[in-house]
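Enquirer: Below you'll find the structure I mean.
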Amino acid sequence: PCTVNATATVTVTEQAQPNAGTNGTLTVCAGTTPTNAQLFAQLGGTPDATGTWSNSGLVYTYTVNAIAPCTGSATVTVTVTEQAQPNAGTNGVLTVCQGTTPTNAQLFAQLGGTPDTTGTWSNSGLVYTYTVNAIAPCTGSATATVTVTEQAQPVAGTNGTLTVCQGTTPTNAQLFAQLGGSPSATGTWSNSGLVYTYTVNAIAPCTVNATATVTVTEQAQPNAGTNGT
């Protein structure tokens with residue numbers, strides 16, 4: 001004879017599945033370990049912030065564990081690429097012939113190590129600086145120097161003249177004394193008739209020898225003839 005029905009309700013709550021977002025990539029400067037915040041920022045979608053990071057080499061895995069009654073976990077990866085630090089090599093030295101401006105190729109060849117080829121040169125006097133700017137996300141720049149030494153050009157002095165007594169062969173010292181300027185004392189003499197040439201050989205990396213001449217005039221011996229009666 002009862003007439004009133006009895007009812008009860010069950011309210012269902014849905015526990016969200018774990019969401020790790022979608023895969024991403026990240027470039028860092030070589031030698032830098034990415035932070036969790038940097039890695040998380042590269043994830044796509046709307047990942048849960050409750051996950052944890054692990055890595056195998058440069059592949060970082062983000063894992064979000066399920067909350068009961070959900071089971072399992074969600075994972076995504078961020079693949080990291082390392083941007084090389086700028087490399088200007090190591091300091092070097094270069095000898096050039098005096099009066100010569102070294103080329104960039106000559107300077108670069110004297111750098112030690114394995115410098116990047118993207119740098120630029122500047123100089124203060126004979127010290128040349130090679131600068132390689134960093135590529136983002138690296139910052140700053142790398143520098144190395146090449147110190148240049150100048151090899152003096154050979155100097156043979158300027159042309160001169162010398163008068164000797166007929167029949168006399170001038171000595172090297174007599175010839176040298178007639179050269180003008182400030183000739184190097186390391187040269188050698190040769191002659192064609194009464195024209196004597198002084199040659200000073202160039203020292204590498206200089207290549208052109210220097211020459212000067214001394215033109216000799218012979219003074220005739222006095223001649224009184226022969227005796228008579």
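Enquirer: Compute the convex hull volume of the Cα atoms of region 52-188, divide it by the residue count, and report the result per residue in Å³ as a whole number.
Expert: 126 Å³
Enquirer: Of the peptides 126-134, 166-174, 25-33, how do they stack up when ordered by the mean number of other Cβ atoms within 10 Å, highest first?
Expert: By packing density, highest mean first, the sequence is 126-134, 25-33, 166-174.
Enquirer: Using a 1.4 angstrom probe, figure out how much accessible area region 89-151 has per residue, in square angstrom, rounded to the nearest whole.
Expert: 57 Å²
Enquirer: Highest first, please rank the peptides 3-13, 92-102 by the mean number of other Cβ atoms sitting within 10 Å of their residues.
Expert: 92-102, 3-13
Enquirer: If I model a spin label as a point 7 Å beyond the Cα along the Cα-Cβ vector, how far apart are those points for residue 124 and residue 220 in nm?
Expert: 7.1 nm
Enquirer: What is the spread of the Cα atoms of region 9-111 along each of their three principal axes, largest first, in whole Å?
Expert: Projected onto the principal axes, the Cα atoms of region 9-111 cover 101, 20, 15 Å.
Enquirer: Is it possible to state the helix-based mean residue ellipticity at 222 nm for the chain, with each DSSP H run of 4+ residues giving -39500 (n - 2.57), the sum divided by total residues, to the nearest 500 deg cm²/dmol? What is it?
Expert: Computed ellipticity for the chain at 222 nm equals -2000 deg cm²/dmol.
Enquirer: Something else: Would you mind computing Rg(Cα) / (2.2 N^0.38 Å) for the chain, counting N as its residues?
Expert: That ratio works out to 2.51.
Enquirer: Once neighbouring chains are kept in place and the probe is 1.4 Å, which whole percent of the accessible area of the chain is contributed by carbon and sulfur?
Expert: Taking all protein chains in place, the chain shows 51 percent carbon and sulfur surface.
Enquirer: Based on the Cα coordinates of region 118-229, what is the per residue volume of their convex hull in Å³?
Expert: Hull volume normalised by residue count: 103 Å³.
Enquirer: GNM on the chain, C-alpha springs below 10 Å: top fluctuator among 147, 50, 197?
Expert: Ranking 147, 50, 197 by mean-square fluctuation puts 50 first.
Enquirer: Hey, in the chain, which Cys have no second cysteine's beta-carbon closer than 4.7 Å?
Expert: Cysteines of the chain left without a disulfide-compatible partner: 2, 70, 165.
Enquirer: State the extension gain, in nm to one decimal, for the chain segment bounded by residue 172 and residue 100, taking 0.36 nm per residue of separation less the distance between their alpha-carbons.
Expert: Taking residue 172 through residue 100 to full extension adds about 22.7 nm, to one decimal.
Enquirer: What does DSSP give for the chain in terms of the percent of beta bridges that are antiparallel, rounded to the nearest 5?
Expert: Of all bridge pairs located within the chain, approximately 70 percent are antiparallel.
The values are calculated or read from the model by the stated rules, or taken from the named source; none is laboratory data. Every value quoted in this text rests on a predicted model; they were computed, and no experiment measured them. Cβ sites come from the backbone with ideal geometry, for glycine too, and all protein chains shown count toward neighbours. We work out accessible area using only protein heavy atoms, side chains counted, and drop any ligands, DNA or RNA first. Shrake-Rupley method; radii C 1.70, N 1.55, O 1.52, S 1.80 Å.
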